[in-house]
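The values are calculated or read from the model by the stated rules, or taken from the named source; none is laboratory data. Nothing here was measured: the structure is a model prediction, and the numbers come from that model. When we count neighbours, we look across all protein chains shown, and the Cβ atoms used for this are built from the backbone with ideal geometry, even at glycine.
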Amino acid sequence: MMSNLFSIFDPSTNMFNLPLNWLSTFIGLLFIPYYFWLIPNRYFIFWNFILKNLHNEFKTLLGTNSFNGSTFIFISMFSFILFNNFLGLFPYIFTSTSHLTLSLSISLPLWLSFMLFGWINNSQHMFTHMIPQGTPNILMPFMVLIETISNIIRPGTLAIRLTANMIAGHLLMTLLSGMGPNFPSYLIFILISIQILLLILESAVAVIQSYVIAILSTLYSSEVN
C-alpha cells in the first residue's frame with residue numbers, strides 16, 4: 001500500500017523511452033515572451049509588483065555591504081520554486097520540488113558558494129560569528145561545535161523542508177481521493193469540499209515554502225558579509 005502511495009512521486013512518465021518528467025521545470029520559459037510586450041498586461045504588472053517588493057525586502061536583509069544585483073539571485077530562486085510548486089498541483093504533472101534531487105541541487109551549491117566566499121574574504125568575521133557575544137569562556141568550545149554543526153546541516157534542512165512540505169500535502173490529497181469509490185453518493189460532496197480546501201491550503205503552502213527558502217537563503221548570505 002505504501003509503495004503504491006509513494007509511487008505518485010516516481011519520475012515514470014516517458015515517451016519513446018525518454019523520461020519527460022523533469023521537462024516540466026522548463027515550461028516556465030513559455031511565459032518569458034510576456035515581458036517583451038510593448039504594452040504591459042495585467043500579468044506583467046502584478047508579477048512586477050511582487051518582484052519589486054521582494055527586491056526591497058531582500059535588499060534590507062542583505063544590508064548595505066551587499067553587491068548590486070545580488071537580490072536577483074534570490075528572486076530567481078523564489079520564482080523558480082514557486083512555479084514548480086504550483087505546477088505540481090495540476091493533475092498528471094510531475095512534482096519536481098518533492099524530490100531531494102532538485103531541492104539539494106538548489107540549496108547545496110548556494111550554501112557552498114556562501115561558505116567559500118565568507119571563509120576566503122571574511123575569515124575573521126566567520127570565526128567571530130561562531131561565538132555569540134557574551135558567551136562564557138568555558139562554553140566557547142561547545143558553542144563553536146554547535147554553530148559548526150548547525151552551519152553544515154543548513155543545505156539539508158532547506159532541501160528537506162521544501163521536499164517534506166510538498167510531499168505531505170500531496171499524500172493527504174491522494175489518500176482522500178482514494179476513498180472516493182468507497183464513499184456513499186450522498187456524501188461525496190463532503191469529500192469534494194475537503195479536497196478543494198486542501199487544494200487551497202496547498203496553494204498557500206506553495207507560496208510560503210518558496211518565500212521561506214528565499215528568505216533563509218538571504219539570511220545565510222547576509223552572515224558572510
Selected residue (criterion: modelled with the lowest pLDDT) from residues of segment 78-108 that are surrounded by 19 or more Cβ atoms within 10 Å (Cβ to Cβ) and outside any helix (DSSP H, G or I) = PHE94
Hey, can you tell me all the residues within segment 167-190 that are over 32 Å from the mean Cα position of the chain (by Cα), farther than 19 Å from PRO91 by Cβ and part of a helix (DSSP H, G or I)?
-> ASN182, SER185, TYR186, LEU187, PHE189
Quick check: anything in segment 114-130 out of contact with any His (no Cβ under 9 Å at 6 or more places or on another chain), under 16 Å from ILE213 (Cα atoms) and modelled with pLDDT of 80 or more?
-> yes
Only one of (1) surrounded by 12 or more Cβ atoms within 10 Å (Cβ to Cβ); (2) over 23 Å from the mean Cα position of the chain (by Cα); (3) not in a helix (DSSP H, G or I) does not apply to MET140, and that is (3)
If you go through HIS129, HIS170, the only one that is touching an Asp or Glu at 6+ places or on another chain (Cβ under 9 Å), more than 30 Å from ILE196 (Cβ to Cβ), in contact (Cβ under 8 Å) with a residue 60 or more places away in the chain and of a type outside the set (Asp, Glu) is HIS129
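Here's the yes/no breakdown for (1) touching a residue at least 40 places away in the same chain (Cβ under 8 Å); (2) not β-branched (Val, Ile, Thr):
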{"position": "PHE117", "(1), (2)": "yes, yes"}
{"position": "THR135", "(1), (2)": "no, no"}
{"position": "MET143", "(1), (2)": "no, yes"}
{"position": "ASN151", "(1), (2)": "no, yes"}
{"position": "LEU162", "(1), (2)": "yes, yes"}
{"position": "SER177", "(1), (2)": "no, yes"}
{"position": "SER203", "(1), (2)": "yes, yes"}
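Could you say whether any residue in segment 112-127 is within 28 Å of PHE26 (Cβ to Cβ) and either in a loop (DSSP other than H, G, I, E, B) or not aliphatic (A, V, I, L, M) (or both)? Can you show your working first?
Applying the first criterion (within 28 Å of PHE26 (Cβ to Cβ)) to segment 112-127 yields 112-114.
Restricting the remaining residues to those that are either in a loop (DSSP other than H, G, I, E, B) or not aliphatic (A, V, I, L, M) (or both) gives 113-114.
Yes, segment 112-127 contains at least one residue that is within 28 Å of PHE26 (Cβ to Cβ) and either in a loop (DSSP other than H, G, I, E, B) or not aliphatic (A, V, I, L, M) (or both).
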Is it fair to say ASN182 is more than 25 Å from ALA206 (Cα to Cα) and either polar (S, T, N, Q) or touching a helix residue (DSSP H, G or I) at 6+ places or on another chain (Cβ under 7 Å) (or both)?
-> yes
ASN122: surrounded by 12 or more Cβ atoms within 10 Å (Cβ to Cβ), of a type in the set (S, T, N, Q) and more than 20 Å from SER79 (Cα to Cα), yes or no?
-> yes
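Return the only residue of PHE67, PHE16 being closer than 25 Å to ASN151 by Cα, of a type outside the set (Val, Ile, Thr), at pLDDT below 85 and surrounded by fewer than 13 Cβ atoms within 10 Å (Cβ to Cβ). So that I can check it myself, show each step before the final result.
Values: PHE16 fails: closer than 25 Å to ASN151 by Cα.
The match here is PHE67.
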